[in-house]
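Enquirer: Next up is a structure, given as structure tokens.
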Amino acid sequence: MPTAPRVTTITSVQDIFDIIQTIINWLAATFFAVAVIFIFYAAYLYLTAAGDPEKLTKAKNQLIYSIIAIAIGLIAFSVTTIVSNFIR
């Protein structure tokens, strides 16, 4: 039997920070899941390139962009965590 959604009442500033942190965690998880999918896509491009230099370059660039995206995501998530801990 389904249960009713949990209602969160905001009674303090800490509750707002908790909601924002939950949203950030969901966005980060989604972002990293998509980044991993793009890494698999780059691997697929590489495996299907069959020695074609143009396709190999495309696969290599896709992998580099995916790694850069993960690095930027890690930095952004770290900054939000540091700022959140500093504010508390």
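Read the figures in this text as sums done on the coordinates, not as results from a lab. For clarity, every value in this text was computed on a predicted model and none was experimentally measured. Ideal geometry is used to build each Cβ from the backbone, glycine not excepted, and the neighbour counts take in all protein chains shown.
Enquirer: What translational D, rounded to a whole number of µm²/s, comes out for the chain from Stokes-Einstein when the hydrodynamic radius is the Kirkwood one over Cα pairs, at 20 °C and 1.002 mPa s?
Expert: It comes out at roughly 135 µm²/s.
Enquirer: Taking only Cα atoms, what is the 0 to 90° angle, nearest 10, from helix 53-87's long axis to the longest principal axis of the chain?
Expert: Here the helix axis deviates by roughly 20 degrees.
Enquirer: Kindly provide the helix-only [θ] at 222 nm of the chain, computed as the sum of -39,500 (n - 2.57) over DSSP H runs of four or more divided by all residues, to the nearest 500 deg cm²/dmol?
Expert: -29000 deg cm²/dmol
Enquirer: Also, I was wondering about something else. Would you mind ranking Thr11, Thr81 by Cβ crowding within 10 Å, fewest neighbours first?
Expert: Thr11, Thr81
Enquirer: Under a point spin-label approximation (7 Å from Cα along Cα-to-Cβ), what is the Phe40-Ile23 distance to one decimal in nm?
Expert: Between Phe40 and Ile23, the label points sit 2.9 nm apart.
Enquirer: What order do you get for Ile23, Ile39 when you list them from fewest to most C-beta neighbours inside 10 Å?
Expert: Ranking Ile23, Ile39 by Cβ neighbours within 10 Å, fewest first, gives Ile23, Ile39.
Enquirer: Would you work out the relative contact order for the chain, in percent, from Cα pairs under 8 angstrom that are 6 or more residues apart?
Expert: 28 percent
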